[in-house]
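Scroll down for the structure; my scribbles are underneath it.
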């Protein structure tokens, strides 16, 4: 089925995205990811967040989103590890504490 654009022309092109669509959408998602990392409430509904991700993927921006999410999570993990290390400067004590406190692996 051919798509019709706003001018009524028939074609297979998707509607043109606003120039700042990717960056604006990422900022919304980033705020939500950071809220989760910080244990704070997320302002947007899960439906809105899902739609934002879906829109990025539909417009072939999924790889960029994946890269940004990966970097955001990596940054959070690095901060948490640094915080732990600063609290327990003795690495063997830290590692034994982590090993002792982690839940058992499911079998």
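Kindly indicate whether residue 35 is touching a helix residue (DSSP H, G or I) at 6+ places or on another chain (Cβ under 8 Å), surrounded by 12 or more Cβ atoms within 10 Å (Cβ to Cβ) and assigned to a helix (DSSP H, G or I). So residue 35 does not fit the description; no. With respect to residue 69, determine if the residue is surrounded by 12 or more Cβ atoms within 10 Å (Cβ to Cβ), more than 11 Å from the chain's Cα centre (by Cα), on the phi < 0 side of the Ramachandran plot and part of a helix (DSSP H, G or I). So residue 69 fails the test.
A short reminder: the numbers here are calculations on the coordinates, not readings from a lab. Everything quoted here is computed from the prediction, not taken from an experiment. Ideal geometry is used to build each Cβ from the backbone, glycine not excepted, and the neighbour counts take in all protein chains shown.
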